[in-house]
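What follows is a single structure, written as structure tokens, with notes after it.
The values are calculated or read from the model by the stated rules, or taken from the named source; none is laboratory data. It should be emphasised that the depicted structure is a prediction, and the values quoted were computed from it without experimental measurement. Reconstructed Cβ throughout: ideal geometry from the backbone, glycine too, with neighbour counts over all protein chains shown. SASA here: full protein model, heavy atoms, side chains in, ligands and nucleic acids out. Shrake-Rupley method; radii C 1.70, N 1.55, O 1.52, S 1.80 Å.
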Amino acid sequence: MAALLRRFSRATLIPFAAQSNSSHSNLRLPFTAIAAISGGVSFLYYHSSPNLVHSQQTEQEESRNIALNPDKWIEFKLQDTARVSHNTQLFRFSFDPTQKLGLDIASCILTRAPLGQDAEGKPKFVVRPYTPISDSESKGHFDLLIKLYPEGKMSQHFASLKPGDVVEVKGPIEKLRYTPNMKKHIGMIAGGSGITPMLQVIEAILKNPDDKTQVSLLYANVSPDDILLKQKLDILATSHPNLKIFYTVDNPTKNWRGGAGYISKDMVVKGLPAPSDDTLILVCGPPGMMKQISGEKAKDWTQGEVSGILKEAGYTEQMVYKF
């Protein structure tokens with residue numbers, strides 16, 4: 001268990017290999033569309049467009065090397081766990097070591113667990129989304145960082161798992177489609193386990209030497225002991241000058257050197273990029289924090305209007321994304 005946490009905290013980032021700019025890279029078609037072509041048209045298509053055929057073959061090969069399925073619940077076996085804080089654990093799940101999970105940046109997965117039966121005797125399930133924090137390119141495993149709530153049906157199910165037990169997973173569910181250098185400066189505001197989608201984006205940026213995006217993170221927690229993955233975050237910030245992190249806690253200790261109290265307008269103005277077309281602010285945290293910082297999502301789970309501190313600081317809806 002301790003070995004898992006040490007390996008995760010000290011994991012190094014491997015730069016992307018140079019990617020090909022082949023002429024057919026933008027010409028991929030769904031397999032179903034190609035299969036629908038019949039007779040002489042099919043013959044002409046395959047024999048007159050070898051680049052498209054090669055692209056389709058590549059897409060088929062890639063789909064076979066992906067562990068996730070967006071339309072089907074897949075069982076993943078728990079490999080190991082590690083305690084990260086007094087109420088948070090790291091869970092590592094394993095799968096075919098030749099496969100990748102198939103996670104886009106930034107996206108989450110759905111997990112489900114049995115919850116008895118309904119009045120008709122049909123099985124009921126509790127379903128919750130989580131954001132894996134392992135490298136999207138990792139093969140054979142993925143990691144979930146989960147806060148264990150006493151009344152949380154899904155988190156308590158995770159707490160009851162032992163190595164060898166399985167969890168059903170579906171996905172990925174895309175949240176924000178990140179592309180390298182899409183903005184010059186990305187600001188992040190995270191609270192508690194809301195760090196998970198931020199870490200996913202941070203690692204995608206830092207492991208790509210062609211991505212010059214500047215990242216500034218404001219990370220709020222109850223106490224210094226509640227700061228999740230601080231060692232890993234500090235290592236990333238020390239080794240990458242384009243990542244700046246400011247921690248703040250509600251209950252600082254005597255030797256605490258970070259901020260004190262909730263995230264304020266002053267922290268936002270001093271610690272995040274100023275409003276502009278080249279700025280994007282990402283926000284993720286508990287409902288009370290979201291309401292104070294950016295406003296909650298709309299009732300239909302769209303982004304909704306920007307309010308709170310970010311609106312006061314001059315950020316518009318085009319500059320803010322709520323996870």
- Message: Suppose we keep only residues that are open to solvent by 70 Å² or more (accessible area, probe 1.4 Å) and out of contact with any Pro (no Cβ under 7 Å at 6 or more places or on another chain) within region 247-257. Which one would you say is nearest to Thr213 (Cα to Cα)?
- Response: Arg257
- Query: Residues of region 148-190 being under 28 Å from Lys265 (Cα atoms) and out of contact with any strand residue (DSSP E or B) (no Cβ under 8 Å at 6 or more places or on another chain), which ones?
  - Reply: Arg177, Tyr178, Asn181
- Message: From the list Ala260, Ala274, exactly one residue is at pLDDT 95 or above, open to solvent by 30 Å² or more (accessible area, probe 1.4 Å) and touching an Asp or Glu at 6+ places or on another chain (Cβ under 9 Å). Which is it?
- Response: Ala260
- Task: Scan region 66-86 and give yes if some residue there is loosely packed, with under 14 Cβ neighbours inside 10 Å and modelled with pLDDT under 50, otherwise no.
- Result: no
- Residues being touching a helix residue (DSSP H, G or I) at 6+ places or on another chain (Cβ under 7 Å) and either closer than 20 Å to Gln79 by Cβ or among the β-branched types (Val, Ile, Thr) (or both): count how many of those fall in region 148-176. 1
- What do you reckon, is Lys244 open to solvent by 30 Å² or more (accessible area, probe 1.4 Å), in a loop (DSSP other than H, G, I, E, B), outside the structural domain of Thr111 (by the TED database) and among the basic types (Lys, Arg)? no
- Message: Filter region 150-209 down to the residues that are aliphatic (A, V, I, L, M), closer than 20 Å to Ser85 by Cβ and either in contact with a His (Cβ under 7 Å, 6 or more places away or on another chain) or surrounded by fewer than 22 Cβ atoms within 10 Å (Cβ to Cβ) (or both) and list them by number.
- Response: Met154, Ala159, Leu161
- Would you be able to tell me the number of residues in region 249-290 that are among the hydrophobic types (A, V, I, L, M, F, W, C) and out of contact with any Phe, Trp or Tyr (no Cβ under 8 Å at 6 or more places or on another chain)? 8
